[in-house]
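Worksheet: one structure, shown below.
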Amino acid sequence: MEAATFILFGSTGDLAKRKIYPALFNLYLDGKLPTAFSVIGLGRKAVSDAEFQSRIEQSIRSFSRRRVQDEAGLKTFLEAFRYSSLDIPVLGDYSRLLELVKRREAELGIPENRIFYMSVAPEFFGTIAHSIKESGLGAVTGWKRLIIEKPFGRDLTTARELNAKLAQSFEEREIFRIDHYLGKPMIQNLEDLEYTNPILQALWTNRYIANVQITASETVGVEERAGYYDHYGAVRDMFQNHMLQILMMLALQLPKHSTADNVAFKKKLVLESLRPLSKEDVRLNVVRGQYTSGVVEGKTVPGYTEEKGIDKASANDTFIAARLWIDNYFWSEVPFYIRTGKRLNEKSTRIVIQFKDPLEKPNGKNMQAAPNLLIIEIGPEAGISFQLNLKEPNQGEGIEPIHIRYSADQKDVPEAYEKLFRDALIGDSTFFAHWDEVEMSWQWVQPILEAFEENLVPLELYPAGSNGPSAAHKLLQQDGYQWWLDP
Ligand code: BG6
């Protein structure tokens, strides 16, 4: 792996503290960072290198998935970090940064390979990208890459505006858009799961699959992010990105040993086949919900509009459920049900594939067999299970659903950010969101945004701690189905 400099905008922020430094540290422990690497943190405040390094040490001690066992190793790791104050709108600050970057490249004898990571509010993305170009920071003899995090815009228009700004300074192949769900091990596993298991491959078609359910339920509310969340809601915060990415990763059919370009291309095909919704369709296929007060994990919590910083009259969505179809040869007539929401009764992200029941009932017997389910647990625990039917050996006649389960050992599972940083370092964009996907997802979601805005879809209230509004259950009942595994 080539040596590189990691230039982090927003280095004193929460994401850096909780996720970025611990991820870099774990990559370092695994020997997955280049032997010589340099990290330069940026922020408005003046902070000395020593103080910066001590903050990183704190973050690692508090948030790393693995405890520090080798103090000398930690010290060597921290020596790679430098800090420079930078006021985003001030071009002169970028020239100062360039001097520091070059000085470190010379000290370490590393090539001009630079990764810029924007861990700042999206309104600054354009200015930073522009200043990287203007200051000469982007004029490298090696390679340059840009990592950004969602939100990539707030709707189709703003996403396009943002992309046009980034495109002035970075080529598409240089932009790595993080959707951290794509870094989750079970999402990265989906293709292998299908490919290496002939029993699944044989059944992986609309001939045998009745429906697919994707759920991302959370117990948390808006937390400290009221300002952001009330402006975005579940559809922009989770659905347009994480949920549609899971859908794409599940529904694409890849050739073996596919490259990042294959994956991007196939994902685009999935979105092209996604049946567009008119605003009228939205009313029939999408449920919009908001939580009221209730009890979550034994604690009474306020309703959404009673949360600090939320407009009392807010009609923002904290829950969305939708029915979608992929109109291609492979998936036609298989409904996909997707739901996500805050303040639900459990923290769980999973995919459930319900298989059809093509069997005749055994003659004369009143046997009620449950459907076969393949359950892919994406988080918080990674695992997989199968629901089959069996006549209880000790208890006579009745057929019972049984589960065959596998759960991964959590402490060994790398965090999404570790995988994604490593991929960005080696220039592999397979598990990142490419512009076409982002644009087409916004395009698909746009009628939902408009229908919500125009109040064409009723706002269904659900008590915190429940499994969502009843309308989300009716959506499946209309088709003769139910959400599986609701506690
Ligand atoms: C983020 C959303 O992208 O994902 C948050 O902005 C949400 O609102 C989070 O809580 C969920 O991520 P995870 O990995 O905990 O499922």
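General observations
- Stokes-Einstein translational diffusion, the chain - Kirkwood Rh over all Cα pairs, 0.692 mPa s, 37 °C, in µm²/s: 135
- Rounded, prolate or oblate (a/c below 1.5 giving rounded, otherwise prolate when a/b exceeds b/c) for the stretch 366-487 by Cα gyration tensor: oblate
- Built amide H within the under 5 Å cut-off of D357, gap 5+: none
- Protection proxy ranking, highest mean first, for peptides 300-313, 8-21: 8-21, 300-313, where packing is the per-residue count of other beta-carbon atoms within 10 Å, averaged.
- On Cα atoms only, tilt of 91-108 relative to the major axis of the chain in degrees: 90
- When each of the peptides 317-328, 424-435 is scored by how many other beta carbons lie within 10 Å of its residues on average, the order from highest to lowest is 317-328, 424-435.
- In degrees, nearest ten, helix 125-135 long axis to first principal axis of the chain (Cα): 30
- Coupling constants for the stretch 346-356 follow from the phi torsions by the Karplus curve (6.51 cos²θ - 1.76 cosθ + 1.60, θ = phi - 60°), and in residue order they are 8, 9, 7, 10, 7, 10, 10, 9, 9, 8, 6 Hz; glycine and proline get x.
- Given K347/K474; K184/K419; K150/K184; K299/K342; K19/K411; K184/K411, the pairs whose alpha carbons are separated by over 18 Å: K347/K474
- Computed from Cα positions, the angle between helix 416-426 and the longest principal axis of the chain comes to roughly 50 degrees.
- At R0 = 25 Å, FRET efficiency that the Cβ-Cβ distance of K75 and R18 yields, to 0.05: 0.70
- Per-atom-type breakdown for the chain gives carbon and sulfur 50% of the accessible area (1.4 Å probe, protein chains only).
- Within a straight-line Cα-Cα reach of under 17 Å, K45 can be paired with the following lysines, leaving aside sequence neighbours fewer than 8 residues apart in one chain: K17.
- Counted over the stretch 34-181, the DSSP beta bridges are approximately 0% antiparallel.
- For the chain, the solvent-accessible area works out to 45 Å² per residue, with a probe of 1.4 Å and every protein chain left in place.
- Local electrostatic count, T305, Cβ distance below 15 Å [Lys/Arg +1, Asp/Glu -1]: -1
- Cα-based Rg and Dmax for the stretch 4-149, where Dmax is the largest Cα-Cα distance (Å): 14.6, 43
- Across the stretch 323-328, coupling constants 3J(HN,Hα) worked out from phi with the 6.51/-1.76/1.60 Karplus curve, θ = phi - 60°, read 10, 10, 10, 9, 8, 10 Hz, and Gly and Pro carry x.
- With DNA, RNA and ligands ignored, accessible area of Y228 (1.4 Å probe; Å², nearest 10): 50
- Relative contact order, whole percent, for the stretch 30-140 stands at 32, derived from Cα pairs under 8 Å and 6 or more residues apart.
- Fraction of beta bridges assigned by DSSP in the chain that are antiparallel (%, nearest 5): 55
The values are calculated or read from the model by the stated rules, or taken from the named source; none is laboratory data. As the structure is a prediction and not an experimental result, all values here were calculated from the model. Positions of Cβ are backbone-derived with ideal geometry, glycine not excepted, and every protein chain shown enters the neighbour counts. Accessible surface is based on the protein model in full, side chains and every heavy atom, while ligands, DNA and RNA are left aside. Shrake-Rupley method; radii C 1.70, N 1.55, O 1.52, S 1.80 Å.
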